[in-house]
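The values are calculated or read from the model by the stated rules, or taken from the named source; none is laboratory data. Keep in mind it's a predicted model, so treat the numbers as computed, not measured. Every residue, glycine among them, receives a Cβ derived from its backbone with ideal geometry; neighbour counts consider all protein chains shown.
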Amino acid sequence: MIIVMKTHSSQQQLDHIVNKLESVDFKVHLSQGVHRTIIGVIGEKKDKETMKMKIEAMDGVEKVISILDSYKLTGRDFKPERSVIDIDGIKIGGEEVIVMAGPCSVENEEQIIKTATAVRDAGAKILRGGAYKPRTSPYSFQGLGEKGLKLMALAKQKTGLKIITELMNIEDIDMVCHYADILQIGARNMQNYSLLKAVGKINKPVMLKRGFASTIKEWLLAAEYIMKEGNHQVILCERGIRTFGEKTRNTLDLSSVPLIHKLSHLPIVVDPSHGTGKWKLVTPMARAAVACGADGLIVEVHPQPEDALSDGQQSLTPKNFQNMMYEITKIADVLERKVYCPGVVSNGII
Ligand code: PEP
Ligand code: MN
């Protein structure tokens, strides 16, 4: 159930309601907007309807909405304003389109430092790079593990970029958190509920990729698993879904961007690399993602894609990445959004 407080309700009225709910073991999440407060109520109690009637009669309450099958915490009913996830001043979900870029996998020091420097110089704010890789074949490169995380930390120190990297196992959570600024939950783990609950208990942004056979509903409910545990710093990532198309690795479902913005307050970024599987399609789809309102992009870049240990076929060279940044700046301009692209003036950012 969701309780919408009146615009001028008092703190005392709010406290009274929260105490009443908590006294009978309901969990309460507050969303304090500019104009009004909304209370998200979660609980398995059978007498919810009676409680709803009681709350409706209380002072300061505008309305109570029952939600049976829905997005209690991720939905716009709970929080009408868009959420902005702030990573030390880098704001995902605001007017700037934030670009995350880097190799599919961290391979060695030279590769990660070269890539990090190149993407930073082209305007990326966050470095991507996998140390634990969910590969389709057990015989493919599985990632460098902690050594890879240490190399990411070195790249962060040298470039000032923030780090996003994938967490695959609950056992690694403390270690990965030690290095990462954002945890990535990959498509294959979107419905790994124990992992989702575990990242729900930490205080760090989580980027939840869409499972490749998942509906929007399943994806938002997966985000609910994280938020229900208390971590509300969730970023969604559209990375393409499986369809009958065989010319691309996945079908990049860009309609999910405006749909998510309609249903949810969470920010959504787009991954045109996994979404297409072909480097030549990455820049056009990055342009399209910005055009349909994406809050950010995550893009694979490698200094020598032909030698990459994973996903070289969909990786941009630093030069192509620079070009992509330039092109998305132009699209962002039209929409009065911003992209940080050094040397190019985009709505006030140089
Ligand atoms: C990745 O980002 O490297 C990755 C494995 O992505 P996904 O989980 O979307 O396949
Ligand atoms: Mn990859």
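General remarks:
- Residue in the stretch 327-347 that is more than 22 Å from the chain's Cα centre (by Cα) and crowded, with 23+ Cβ neighbours inside 10 Å present: no
- Here Ser10 fulfils each of the conditions (1) over 20 Å from Thr74 (Cβ atoms); (2) at pLDDT below 90 apart from (2).
- Here Glu300 meets each of (1) under 15 Å from the mean Cα position of the chain (by Cα); (2) touching a residue at least 60 places away in the same chain (Cβ under 8 Å); (3) crowded, with 24+ Cβ neighbours inside 10 Å with one exception, condition (1).
Conditions tested, residue by residue: (1) away from ligand 2 (no atom under 16 Å from the Cβ); (2) more than 23 Å from Leu221 (Cα to Cα); (3) free of Cβ contacts under 8 Å to residues at least 40 places away in the same chain; (4) not in a loop (DSSP other than H, G, I, E, B).
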{"residue": "Val28", "(1), (2), (3), (4)": "yes, no, yes, yes"}
{"residue": "Glu44", "(1), (2), (3), (4)": "yes, no, yes, no"}
{"residue": "Ile55", "(1), (2), (3), (4)": "yes, yes, no, yes"}
{"residue": "Ser70", "(1), (2), (3), (4)": "yes, no, yes, no"}
{"residue": "Leu73", "(1), (2), (3), (4)": "yes, no, no, no"}
{"residue": "Lys79", "(1), (2), (3), (4)": "yes, no, no, no"}
{"residue": "Glu107", "(1), (2), (3), (4)": "no, yes, no, no"}
{"residue": "Ile113", "(1), (2), (3), (4)": "yes, yes, no, yes"}
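- Just so you know, in the stretch 303-348 the residues that are among the β-branched types (Val, Ile, Thr) and over 24 Å from Arg135 (Cβ atoms) include one that is farthest from ligand 1 (Cβ to nearest atom), and it is Val345.
- The set of residues in the stretch 135-164 that are out of contact with any strand residue (DSSP E or B) (no Cβ under 6 Å at 6 or more places or on another chain), surrounded by 16 or more Cβ atoms within 10 Å (Cβ to Cβ) and either farther than 25 Å from Lys114 by Cα or β-branched (Val, Ile, Thr) (or both) contains only Thr159.
- When residues of the stretch 115-140 are limited to those that are free of Cβ contacts under 8 Å to residues at least 40 places away in the same chain and among the hydroxyl-bearing types (Ser, Thr, Tyr), the one farthest from ligand 1 (Cβ to nearest atom): Tyr139
- Residue satisfying all of: in the stretch 8-26; in a loop (DSSP other than H, G, I, E, B) and in contact with a strand residue (DSSP E or B) (Cβ under 8 Å, 6 or more places away or on another chain); farthest from Met227 (Cα to Cα) among these: Ser9
- Leu221 being modelled with pLDDT of 95 or more and either under 14 Å from the mean Cα position of the chain (by Cα) or within 16 Å of Gly75 (Cβ to Cβ) (or both): yes
- Number of the condition not met by Leu144 [criteria: (1) over 28 Å from Gly230 (Cα atoms); (2) in a helix (DSSP H, G or I); (3) among the hydrophobic types (A, V, I, L, M, F, W, C)]: (2)
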